[in-house]
1. Against the definition (open to solvent by 20 Å² or more (accessible area, probe 1.4 Å) and touching a helix residue (DSSP H, G or I) at 6+ places or on another chain (Cβ under 8 Å)), how does PHE100 come out, yes or no?
2. For segment 125-158, enumerate the residues that are under 11 Å from GLY62 (Cα atoms) and open to solvent by less than 10 Å² (accessible area, probe 1.4 Å).
3. Within segment 195-209, restricting attention to residues that are surrounded by 15 or more Cβ atoms within 10 Å (Cβ to Cβ) and small (Gly, Ala, Ser), which residue is modelled with the highest pLDDT?
4. Go through (1) surrounded by fewer than 21 Cβ atoms within 10 Å (Cβ to Cβ); (2) out of contact with any Leu (no Cβ under 9 Å at 6 or more places or on another chain); (3) on the phi < 0 side of the Ramachandran plot and name the single condition ARG79 misses.
5. Can you tell me which of VAL233, VAL224 is touching a helix residue (DSSP H, G or I) at 6+ places or on another chain (Cβ under 9 Å), open to solvent by 40 Å² or more (accessible area, probe 1.4 Å) and not in a helix (DSSP H, G or I)?
6. Does any residue of segment 46-66 turn out to be within 14 Å of the chain's Cα centre (by Cα) and surrounded by fewer than 21 Cβ atoms within 10 Å (Cβ to Cβ)?
7. State which residue is surrounded by the fewest Cβ atoms within 10 Å (Cβ to Cβ) when the search covers only segment 210-221 and only residues that are touching a residue at least 40 places away in the same chain (Cβ under 8 Å) and out of contact with any Pro (no Cβ under 9 Å at 6 or more places or on another chain).
8. Out of PHE18, PHE26, which single residue is in a loop (DSSP other than H, G, I, E, B), closer than 21 Å to GLY6 by Cβ and either open to solvent by less than 40 Å² (accessible area, probe 1.4 Å) or at pLDDT below 95 (or both)?
Amino acid sequence: MPLTVGDAIALPGEAWSFAGPVADHFDTHVARSVPQYEAGHHIITALSGHFLPPDGTLYDIGCSTGALLAALDDTHRGRDVRLIGVDSEPDMVRAARRRFADRADVTIVQADARTLEWRPADVIVAHYCLQFTPVADRPELLAAMHAALRPGGALLWFEKTLAPSPLLQDVVGQAYADHKLSQGYAPAEVLGKARSLRAVLAPVTSADNRRMLAAAGFRQVATVHQHLSFEGVLAVKEPV
């Protein structure tokens with residue numbers, strides 16, 4: 001029997017996937033599921049302007065259907081910047097390419113970020129995507145992002161995180177479940193989504209993320225968004 005997780009999404013198996021019905025209903029589902037999801041878009045578009053010069057390059061890693069990339073394009077259109085969306089899921093790539101069919105300044109690449117051939121970049125956005133990458137692969141990926149950034153460039157990294165203690169994790173986890181119920185999801189859908197993410201979503205603590213950023217070479221890091229377990233950070237590569 002398909003696993004129902006809300007927003008007309010019925011997974012054929014028990015494991016979460018970004019293909020098929022998820023791609024069709026992703027924008028609605030993620031906006032309801034992640035607290036202040038659209039606020040994160042506003043923060044990213046505003047902060048990107050501090051680091052993206054005219055004729056600059058921005059990557060959106062895990063761009064999904066391209067909703068955030070569209071907001072970035074609206075913000076920076078007319079400045080001759082290059083926006084590159086990257087996603088490994090073919091259904092997401094098709095949806096994003098449809099969205100940008102008439103926008104020559106936006107390129108959508110189907111690729112795994114871990115094997116991506118980076119061009120020099122001024123801004124890299126990773127908006128709730130690295131949490132689906134195996135933890136063991138994240139340090140090398142962050143190091144590749146740091147290497148791709150020009151001096152003074154910025155990584156905007158948003159992730160679901162784990163609380164630093166079992167007690168706090170329990171409290172925050174229950175608050176997040178309450179949030180999803182307040183969005184109109186049925187209890188069975190909340191449970192179904194949690195089951196589907198087992199062994200797929202692998203959050204770590206904020207402290208773990210900071211250690212990985214430091215190991216990758218980022219020395220300037222600041223939290224720019226926080227709501228329950230959802231955190232956004234700005235990490236800047238040291239200028240020469």
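1. The answer is no for PHE100.
2. Matches in segment 125-158: VAL125, ALA126, LEU130.
3. SER206
4. (2)
5. Every option except VAL224 fails the conditions.
6. no
7. Looking at residues that are touching a residue at least 40 places away in the same chain (Cβ under 8 Å) and out of contact with any Pro (no Cβ under 9 Å at 6 or more places or on another chain), I get GLY217.
8. PHE18
The values are calculated or read from the model by the stated rules, or taken from the named source; none is laboratory data. Remember, it's a predicted structure, so these values are computed and weren't measured experimentally. Cβ coordinates were reconstructed from backbone atoms using ideal geometry, including for glycine residues, and neighbour counts include every protein chain displayed. The area values use the complete protein model at the heavy-atom level, side chains included, leaving out ligands, DNA and RNA. Shrake-Rupley method; radii C 1.70, N 1.55, O 1.52, S 1.80 Å.
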